[in-house]
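J.: So that we are looking at the same thing, I have put the structure below in structure tokens.
The values are calculated or read from the model by the stated rules, or taken from the named source; none is laboratory data. Given the structure is predicted, the values throughout are model-derived calculations rather than measurements. Every residue, glycine among them, receives a Cβ derived from its backbone with ideal geometry; neighbour counts consider all protein chains shown. Heads up: the accessible areas ignore ligands, DNA and RNA and are worked out on the full protein's heavy atoms, side chains in. Shrake-Rupley method; radii C 1.70, N 1.55, O 1.52, S 1.80 Å.
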Amino acid sequence: MLASAPTPVSTFEKVLRAFGTGGFTYADLVMQLERLLAIGASPTAMLEALRRRERIEPFPEYAHVEVVRLLNAAIARNAAEAAAAAAEYEPDASPDQSPDSVFTAARPLSAERIADAFESEQNQRRDTDDSFVESIGSNEAARSRSEEVLRESKRYTELSVVRDTLAARDATIAQVLNSLGERDAQLAALQQQHARLVPMLEARGTQLEAELRAVQHRASALAGELAAARASLQSEQNKSRGFDKAWAEGLASNEAARSRGEEALLEAKRYQVESQALRDTLAAREATIGQIKRSLGERDAQLAALQQEHAKIVPMLEARAKAGAQSEARLPTPRAPADAIALELSTSKEQATLLELLRSREWRRGFDQNMCGELDARAQAAEAERARLEAERDDLKGQVMRLRSQLGANQVQVDKMRMAASAAALPQSAPDAGSRGQRVSGSPVRKQGHGRTSIARPVIVSVAIGLLALAALAVAGWYMIQRAPAAKEAAVLAGAAVPDPGTLIRDCPTCPTMVVLPGGRFKQGSMRAEGGSASFETPLHWVAIGPSLSMSSNAVTVEDFQHFVTDTGRDIRGCDIYDGDWKRRPDNSWKNPGFPQTGSHPVTCVSWNDAKAYAGWLSAKTGHAYRLPSASEWEYAARAGGEAVQPWSANASAACAAANVADASAAQRYPGWTVFACNDGYVYTAPVGSFKANSFGLHDMLGNVFQWTEDCWHADYNGAPIDGSARSDGDCSEHELRGGSWFSTPAYVRANYRNHFAADYRTSSVGIRLVRDSGP
């Protein structure tokens, strides 16, 4: 069967949508309106269609005024024509009008009606004549009786009254006779007119019968042609539908392939960037390892120098011991005790000094060897870390941070060891060169136990003090080496009190998941101020958004909102539902928005007041300040660090991969919609998170449901805050909406689009998204 032809009202609605989306200019709108009025479209129905349209989307003031003026003029013109037609077809009932004028002002009469009127006129005349004759007879009888009564009873005064009455009756009879004469003249004129009209009407009737037979014959022929044309049109429509379906499938396939190619290209670019970053990081690691190796080489050189010095000291000690033995053998026997004591004292002093130096250097050698072994181990760990970095590219940022911390700790260790080596390399205090070879002369020295002890004890004490100092230095170095990474880690943990951008926060099991957003600034609004909603988006201006801001990764779901209603008992009923037209239904609510939903769908049919109450309840429950986002915060999050107002290509064919909008599936349910050239699989709302998130990790910023903001409505950005705060001036009985919905056409799904509703208005295309400060 053929589809029913579009009505003028449906055609007018399509014209309004085309003008709203930019498909029609203002001149096209006026021309189409005048054409529809010329072919007989109802201006009242078209005015109602305009009002329905303006309840959904704002209409430019200049276009609204002109369209309403044309429709009101058409309504007035139709009323005037109806009044004129009524005056033409209804006779004037004025008593002063003559029968000829009455006949002229009446509707055109057929021959039968004229004959009936003529016969009725004759019957009326006969009745009038009979009445007149009867009246004359009765008058004569009354006059006779009156004269008799007058003669019999002249005392009755009523006789004069009777006479006056008779006189008046005679005057009336005279008037009636005159009227009958006029009626006779009129009747004669009517008879003459009837005689003229009857042949004309008979000829006209014969002509009309012939024309009617010709028209019937022509109608039969046209009916046959129309049936053939309908069959041909049906065949062509079937072919066209098949072609359109094949073309749409091919277009969808091409767009899907193009989308996959673009994603692959972006992935390749990201891989190149990450690979370059990895190569740069590895180069920096190799440079750091080279520095560590050079430091180890320097330490090896220091150890070699210490070993050479130790090799020089050992032969010296041995030579001195041998020289002492030879001297003792050459000395005479009488002086042997004194010389032995002196030599013992001298040798003991020198040996103590050398022993102290040897022990300190031997300890240092072991300490440096331990440090070198630890440095070698750390170098090997760095090599293993580099191999792991190459294998785990996705965790590159965290590994680089740990690597920097480890390299800083290694550098601290190297610096401490250098300081320790410099302190240990200072010359030790030793006896005077003259006292080493001095022999005792003069008076004999008696060998007493306390005398020897008084000389050796300072040497032993000095050796012990030196060893204790070196041990304390070693313990301090070990403590600083072992504790340096822990101190670094503590500093990192202390700095992590403020969450990094991208961190997920959930304050309770039934709370929405929040994403920490980075701070920054962006250009808000639009540069052009053309017709439609673009005039609401000017002037273009910079806005700064501070750090520590978190936004819910998804719109508030039905399940999330259920906990709030159960806990507070808030009565939320009455909602505007769409089923070919927007109508308020008192029985619908967030639990029944006019289409099926699950707990994971975004909650709808909630007003701005409901959204504020939900944020207050969540704040009291968690101890954190939840609120509605400002319009600036919302647009910053929707742009996600970029300047584009839509994250898809110019032809919008990839929109269905990123947002739930008016698409091909919606057009099948509601024919005549202006939709995106793609299919997202949903006519109404989709479960949250069904579409790809933006670069901030936020889902459904565009499409699915509109989202309330804190801002009072203002027609433009003049005087708007530039610090990201909400606007509190303007019309605060209405608040700003952002994001578009499942119902929105392509022109209205963008990051800078603004709309507004009353604070208590509920509709199945509006939901909630919250923000909170993400500080500690």
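J.: Quick check for you: with a 1.4 Å probe and neighbouring chains kept, what is the accessible area per residue of segment 639-776, in Å²?
T.: Solvent-accessible surface per residue comes out at 35 Å².
J.: What whole-number value in Å² describes the accessible area per residue of segment 187-226 for a 1.4 Å probe?
T.: Dividing the accessible area of segment 187-226 by its residue count gives 77 Å².
J.: Taking the Cα-to-Cβ direction at SER548 and at VAL65 and moving 7 Å from each Cα, how far apart do the two end points lie in nm?
T.: That separation, rounded to one decimal, is 5.1 nm.
J.: Could you let me know the centre-to-centre spacing of segment 659-733 and segment 237-272, using Cα atoms, in angstrom?
T.: A separation of 25 Å, based on Cα centres.
J.: List the pairs from LYS269/LYS692; LYS14/LYS591; LYS14/LYS245 whose alpha-carbon separation is above 27 Å, in the order I gave them.
T.: Pairs exceeding 27 Å: LYS14/LYS591.
J.: Using 0.36 nm per residue, how much length does the chain from THR172 to GLN308 gain when fully extended, once their Cα-Cα distance is taken away?
T.: Difference between extended and current length: 32.1 nm.
J.: On full extension of the chain, what length is gained from ARG521 through THR21, given 0.36 nm per residue of separation minus the C-alpha to C-alpha distance?
T.: My answer for the length gained is 177.0 nm.
J.: Ignoring ligands, DNA and RNA, what percent of the accessible area of segment 650-776 is carbon or sulfur (1.4 Å)?
T.: 54
J.: May I pose another question? Report the calculated FRET efficiency for SER619 and ALA76 (r = Cβ-Cβ distance, R0 = 41 Å), to the nearest 0.05.
T.: Result of the calculation: an efficiency of 0.10.
J.: Also, I was wondering about something else. With +1 on the Cβ of every Lys and Arg and -1 on the Cβ of every Asp and Glu, and nothing else charged, how large is the dipole of segment 583-730 about its Cα centre, in debye rounded to the nearest 20?
T.: 580
J.: With a Förster radius of 41 Å, plug the Cβ-Cβ distance of ALA223 and ALA758 into 1/(1 + (r/R0)^6) and report the FRET value to the nearest 0.05.
T.: 0.15
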